[in-house]
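The values are calculated or read from the model by the stated rules, or taken from the named source; none is laboratory data. Keep in mind the model is a prediction, meaning the values are calculated, not measured. All Cβ positions, even for glycine, are placed from backbone atoms using ideal geometry, and neighbour counts span all protein chains on display.
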Amino acid sequence: MLSRLLTGVLVAAGLVVPATPALAAADTTRAPATPAYTISLTSNSTGASWTGHESVSFSNPSATPLTEVYLRLWDNYHGSCPSTPVTVSNVTGGTAGALEVACTALKITLPAAIAPGGTGSVGFDLSIVIPAGVDRFGRDGSYNFIGNALPVLAVRDTAGWHLSPYTNNGESFYALASDFDVTLDHPSSVLVPATGTSTDTAGTSGRTVTRAIAKSVREFAWAAGPFKKITGTTAGGVKVNVYSVSGISTASANSMMTTAKGALDAHAGRFGAYPYGEADVVLDNGFWFGGMEYPGFVLDLVSTTALAHELGHQWFYGIVGDDEYTTPWLDEGFTDYATDLYFNKTGAGCSITWQSSAEKLTNSMAYWDAHSSRYSTVVYGYGKCTLHDLRRLIGTTAMANLMKSYAASHWYGISTVADFKAAAQAVAGSTDLTSFWTTHRVEG
Ligand SMILES: [Zn+2]
């Protein structure tokens, strides 16, 4: 996400050749793994409500049996629990418990424990009602934005189940790379930009069935409305679609297309080839935030900074995952650093002034929700400054190599602060980074 305070207007520059990363090593600490979601939803006449079915298969690569799974119903934050905009019913493959964590988590107890190496699946009926409000899950007149609405599996790692609360200051999301096969039956007058690659077929009278396939993504988002659409292709071969609500000028849409193409190729050159084939950019100047990232799909103001940032998230959180609630720096700070690099900004003059002994770069969203006025300054601002400072310390070439090898070694996986520190120390060689981490308050 990018807060509105941080957006501005800058000029795009830079194009580099994509590289192909190696796949990260198998992760045997996190489960349920390799989720494969199959979803079929039918909308009402406007795209503001959807009903249908979702199922998900998964595996247990960990050494501990899986006796339950949790669904995260993130968008129930936007309801008035126990009244929920996202409703799960008729669960199969397990026994549903009561809603937890302000209606954003649902435990499903499995009929038998899934042993290490085993697989399982659950299914359920699903209803989604999009509330009014120009938001990442919200409705702006006839335009619907449907982020984080599909229930996804929570992650269990060596610390146990992660059932973080939703935060509206940033993100709480933590999901493993997954495959999605999503069928959306909607009025033909409504376009549905979505994560993945879509194919349209005729439905019943006046309706279209859009099937979107996405591989190795952590979540799936879409929008529905009478958008204006333009299409382009980056120099590196990525298809880009820009969708605009009414009120966005053709010149603005074209300008954002240029930024999207430039930023996608620039990020790909620095961090590894963009693997998803296409990217959808959805523009609405009514968003209260600068932009919001989803796999292959971003919501944005008409803002070059916000767009370069959200597309940077394709690599940081999207491809290189992390637990956003626990370590927001790993996605926001890194994405803001990528944005600076795209705009040829060197971080000169960025200074770090800690306001208390408790304020640390690597604090969790629990801390930032209690100190929200400092969240952007520290996690984004000091976050990217720390990476600029690290570049100045170890050298530009070493830093570029670090960022590329770090992305490659966590490609479609999960990274931690400790992982990044170890990767940086390996590149820094004889330069001991211990005092650097201390002064920049990188703990973990
Ligand atoms: Zn962000």
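Quick look at the numbers
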quantity: Top-ranked residue of segment 336-360 - restricted to ones that are away from the ligand (no atom under 14 Å from the Cβ) and among the β-branched types (Val, Ile, Thr), ranked as nearest to residue 418 (Cα to Cα); calculated: 352
quantity: Hey, residue 263 within 16 Å of the ligand (Cβ to nearest atom), in contact (Cβ under 8 Å) with a residue 40 or more places away in the chain, assigned to a helix (DSSP H, G or I) and under 19 Å from residue 195 (Cα atoms) or not; calculated: yes
quantity: Among (1) crowded, with 19+ Cβ neighbours inside 10 Å; (2) within 24 Å of the chain's Cα centre (by Cα); (3) not β-branched (Val, Ile, Thr) - the single one residue 440 does not satisfy; calculated: (2)
quantity: Segment 315-335 residues that are near the ligand (Cβ under 9 Å from one of its atoms), paired with ones that are of a type in the set (Asp, Glu) (beta carbon under 6 Å, 6 or more apart); calculated: 316/331; 317/331; 331/322; 331/324
quantity: Tally of residues being outside any loop (DSSP other than H, G, I, E, B), within 13 Å of the ligand (Cβ to nearest atom) and touching a strand residue (DSSP E or B) at 6+ places or on another chain (Cβ under 9 Å) across segment 285-313; calculated: 14
quantity: Test: residue in segment 221-234 that is closer than 28 Å to residue 33 by Cβ, away from the ligand (no atom under 16 Å from the Cβ) and in a strand (DSSP E or B); calculated: yes
quantity: Criterion violated by residue 244 - all others in (1) within 16 Å of the ligand (Cβ to nearest atom); (2) out of contact with any His (no Cβ under 7 Å at 6 or more places or on another chain) satisfied; calculated: (1)
quantity: Residue 249 hydroxyl-bearing (Ser, Thr, Tyr) and touching a strand residue (DSSP E or B) at 6+ places or on another chain (Cβ under 7 Å); calculated: no
quantity: Qualifying positions in segment 140-180 - part of a loop (DSSP other than H, G, I, E, B) and of a type in the set (S, T, N, Q); calculated: 142, 148, 158, 164, 167, 168, 169, 172
quantity: Condition check for residue 320: closer than 19 Å to residue 147 by Cα and either buried (at least 22 other Cβ atoms within 10 Å of the Cβ) or touching a strand residue (DSSP E or B) at 6+ places or on another chain (Cβ under 8 Å) (or both); calculated: no
quantity: Residues satisfying the stated conditions in segment 405-439, i.e. within 17 Å of residue 331 (Cβ to Cβ), in contact with a Leu (Cβ under 8 Å, 6 or more places away or on another chain) and outside any helix (DSSP H, G or I); calculated: 411, 412, 414, 415, 416
quantity: Pair list, Cβ < 9 Å and 6+ apart or interchain, from segment 393-404 residues that are in a helix (DSSP H, G or I) to residues that are surrounded by fewer than 17 Cβ atoms within 10 Å (Cβ to Cβ); calculated: 393/431; 394/429; 394/431; 398/429; 399/392; 399/393; 402/426; 404/19
quantity: Test: residue in segment 374-390 that is surrounded by fewer than 16 Cβ atoms within 10 Å (Cβ to Cβ) and either without any contact (Cβ under 8 Å) to a residue 40 or more places away in the chain or farther than 28 Å from residue 168 by Cα (or both); calculated: no
quantity: Set 85, 65: member being over 25 Å from residue 117 (Cβ atoms) and in contact with a Pro (Cβ under 8 Å, 6 or more places away or on another chain); calculated: 85
quantity: Residue in segment 86-95 that is modelled with pLDDT of 95 or more, assigned to a loop (DSSP other than H, G, I, E, B) and crowded, with 17+ Cβ neighbours inside 10 Å present; calculated: yes
